[in-house]
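Before any comments, here is the structure.
The values are calculated or read from the model by the stated rules, or taken from the named source; none is laboratory data. Computed from a predicted model, the values in this text were never measured in an experiment. Here Cβ is always computed from backbone atoms with ideal geometry, including for glycine, and neighbour counts include all displayed protein chains. SASA here: full protein model, heavy atoms, side chains in, ligands and nucleic acids out. Shrake-Rupley method; radii C 1.70, N 1.55, O 1.52, S 1.80 Å.
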Amino acid sequence: AQTIHQWPVAEIKAVGSPLSLGCTIKGKSSPNLYWYWQATGGTLQQLFYSITVGQVESVVQLNLSASRPKDDQFILSTEKLLLSHSGFYLCAWSLGGADTGQLYFGEGSKLTVL
Amino acid sequence: AQSVTQPDARVTVSEGASLQLRCKYSYSGTPYLFWYVQYPRQGLQLLLKYYSGDPVVQGVNGFEAEFIKSNSSFHLRKASVHWSDSAVYFCAVSATGNTGKLIFGLGTTLQVQP
């Protein structure tokens with residue numbers, strides 16, 4: 001069975017500090033990977049997606065970057081956090097190839113920027 | 001462009017009552033439609049999905065939804081709610097493609113009163 005693990009579960013960071021959030025998928029080779037951002041009480045907005053190692057597409061510019069260093073790993077980062085980065089970050093995967101849009105989500109990482 | 005409208009930000013029902021959460025979508029082609037549920041401080045879990053065929057689809061925990069193309073709707077229903085159904089419900093639409101880009105509605109918070 002496939003599992004998806006996100007880390008850390010929660011972070012409290014200062015404005016201007018760096019950030020790194022991680023996501024690992026086990027049990028599925030060559031998945032499509034996604035980062036979503038959810039403002040408190042808000043809907044989900046897709047930030048990045050990746051269909052293969054080393055390739056990441058940006059969907060929304062939020063002064064964040066993403067990388068896929070390994071087939072099963074997706075990293076979200078920034079060198080300087082803004083207050084507006086606060087929220088809930090969700091990693092997700094889907095089947096590669098004939099993608100029907102169904103996503104499988106991780107448990108999320110809650111980020112509070114002060 | 002695709003979009004999803006969930007007109008009810010919050011719905012409150014009594015335990016044992018029936019439920020309908022509304023969802024309307026905008027998409028020029030044949031959509032793939034989803035309902036996801038998010039429990040507090042957790043990621044999203046898929047309730048049900050519609051790709052084609054029978055317009056009434058059954059999901060987990062007694063949920064079902066009906067795709068009505070003429071009305072561009074995909075309302076979620078349950079005959080008898082339980083207090084554990086309290087959560088945020090998201091309707092989402094996707095087009096075919098390798099990015100599996102899901103467009104989410106703003107979500108409906110369901111509060112089930114004992």
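With a sphere of radius 12 Å drawn around the Cβ of B:VAL57, what net charge do the other residues whose Cβ falls strictly inside it have (Lys, Arg +1; Asp, Glu -1)?
Around B:VAL57, the surrounding residues sum to -1.
How many percent of the alpha carbon pairs in the protein assembly as shown exceed a separation of 31 Å?
Tail of the P(r) past 31 Å holds 22 percent of the pairs.
Under a Cβ-Cβ cut-off of 14 Å, what is the net charge of the residues other than B:GLY29 that fall near it, where Lys and Arg count +1 and Asp and Glu count -1?
+2
Taking the inverse of the average 1/r across all pairs of different Cα atoms in chain B, what Kirkwood radius in Å do you get? Spell out each step's value before the answer.
Working: mean 1/r = 0.0706 Å⁻¹.
One over the average 1/r among Cα pairs gives 14.2 Å for chain B.
Just to be sure I follow: if Rg is taken over the C-alpha atoms of chain A and Rh is the Kirkwood radius over the same atoms, what is Rg/Rh?
On the way: Rg = 13.4 Å, Rh = 14.1 Å.
My calculation puts Rg/Rh at 0.95.
Note the buried accessible area between B and A here, summed over both chains, with a 1.4 Å probe, in Å² to the nearest 100.
1700 Å²
Among the chymotrypsin sites (Phe, Trp or Tyr not before Pro) within region B:20-62, which fall in a DSSP loop and have no more than 16 other Cβ atoms within 10 Å of their own Cβ?
Within region B:20-62, the qualifying chymotrypsin sites (Phe, Trp or Tyr not before Pro) (loop, at most 16 other Cβ atoms within 10 Å) are B:TYR51.
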